[in-house]
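One structure is given here, and the rest of the page talks about it.
Since every read-out is calculated from the coordinates, none of them should be taken as a lab result. All values derive from a computational prediction rather than experimental measurement. So basically every Cβ, Gly included, is an ideal-geometry build from the backbone, and we count neighbours across all protein chains shown.
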Amino acid sequence: MRLIETSLPGVVVIEPNVFQDDRGFFLESYREEQFERLGIRARFVQDNHSKSVQGALRGLHFQLVHPQAKLCRVIQGAVLDVAVDIRLESPHFGKWAKELLTAENHRQIFIPAGFAHGFLVLSPTAEFLYKCTDYYYPDDQQGIIWNDPDLNIGWDIASPLLSAKDQQLPRLKVLSPDRLPRYRPA
């Protein structure tokens, strides 16, 4: 297993060891002791699985009272995965990192708590799996509009398919400080 740093400290890409032969492939997608050796010490409590069509964009979401770190991967198709640092007083506040996750590259991305997260489906369909370190609480769901001009995320799509809720999300700069996580240096 190999760890690849991104432009955001704490947001990392994990490349598993893949064993392939004429029957197919095998990989360990999660092994706690290996992740701990890579510096990822997270207790996951919930697994989620979504299937989406091409052009669907889910995000940018976060929870404030029950923040979730996430370990994300794709088992069918391809997505562009994006993490945005929204922690007040972070030296990287408002910065983002993106990674191409596909069923073929087997890459995963770890996104710490305190980051907004979203993904765009690039293939005809995609199945997206992610582990979370806290449970989903509908009343705690927060978000930022996908095309916030201050963030200027390179999604490379003009009109994605969005949920009604995601269409109404605010820009980062209009969120009051009490609706954003705080940066806590390690």
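Using θ = phi - 60° and the Karplus form 6.51 cos²θ - 1.76 cosθ + 1.60, what ³J(HN,Hα) does each residue of the range 24-33 get, whole Hz, x for Gly and Pro?
Karplus-based 3J(HN,Hα) across the range 24-33 equals x, 9, 9, 8, 8, 7, 8, 9, 3, 5 Hz.
Could you go through the range 113-120 in sequence order and give the Karplus-derived ³J(HN,Hα) for each residue, using 6.51 cos²θ - 1.76 cosθ + 1.60 with θ = phi - 60°, rounded to whole Hz, and x for Gly and Pro?
Values, residue by residue: 4, x, 10, 7, 9, x, 8, 10 Hz.
Any idea what the alpha-carbon Rg over 2.2 N^0.38 Å comes to for the chain?
1.00
Can you list the residues, at least 5 places off or on another chain, whose amide H is less than 5 Å from the amide H of I145, using H built in the peptide plane?
R171, L172
How many angstrom separate the Cα center of the range 3-63 from the Cα center of the range 106-146?
That distance is 11 Å.
Calculate one ³J(HN,Hα) per residue across the range 148-153 by plugging θ = phi - 60° into the Karplus curve 6.51 cos²θ - 1.76 cosθ + 1.60, and present them in order as whole Hz with x for glycine and proline.
So the J values, rounded to whole Hz, are 3, x, 6, 7, 6, 6.
Given springs between every Cα pair under 10 Å in a Gaussian network model of the chain, which of L172, L38, L57 has the largest fluctuation?
Evaluated over the chain, the most mobile residue of the options is L38.
Show me the ranking of peptides 175-182, 137-144 by mean Cβ neighbours inside 10 Å, starting with the highest. Mind showing how you got there, number by number?
Values: 175-182: 12.6, 137-144: 14.8.
The packing order, highest mean first, is 137-144, 175-182.
Counting only residues 5 or more places away or on other chains, whose amide H sits under 5 Å from the amide H of A69 once H atoms are built in the peptide plane?
The answer is A113, T133, D134.
Mind ranking 60-71, 123-134, 76-87, 154-165 by how tightly packed they are, going by the mean number of other C-beta atoms within 10 angstrom, highest first?
Numbers: 60-71: 20.4, 123-134: 18.2, 76-87: 23.3, 154-165: 11.8.
My ranking of the peptides, most packed first, is 76-87, 60-71, 123-134, 154-165.
Which cross-chain or sequence-distant (5 or more) residues have an amide H under 5 Å from the amide H of L88, H modelled 1.01 Å from N in plane?
When sequence neighbours closer than 5 places are left aside, the close amide H contacts are R182, Y183.
Extent of the range 55-103 along each principal axis, from alpha carbon coordinates, in Å, largest to smallest?
So the extents along the principal axes, rounded to whole Å, are 37, 22, 19.
Which of these, V53, V11, V74, has the largest mean-square fluctuation under a Gaussian network model of the chain (Cα springs below 10 Å)?
Largest GNM mean-square fluctuation: V53.
For the range 34-186, what is the charge dipole size about the Cα centre, in debye to the nearest 20, if Lys and Arg each add +1 at the Cβ and Asp and Glu each add -1 at the Cβ? Walk me through the intermediate numbers first.
Numbers: 18 positive and 16 negative charges, 61 e Å.
Dipole about the Cα centre, nearest 20: 300 debye.
Enumerate lysine pairs in the range 44-179 that are 8 or more residues apart or on different chains, then count those whose Cα atoms are under 19 Å apart.
Close lysine pairs under the 19 Å cut-off: 9.
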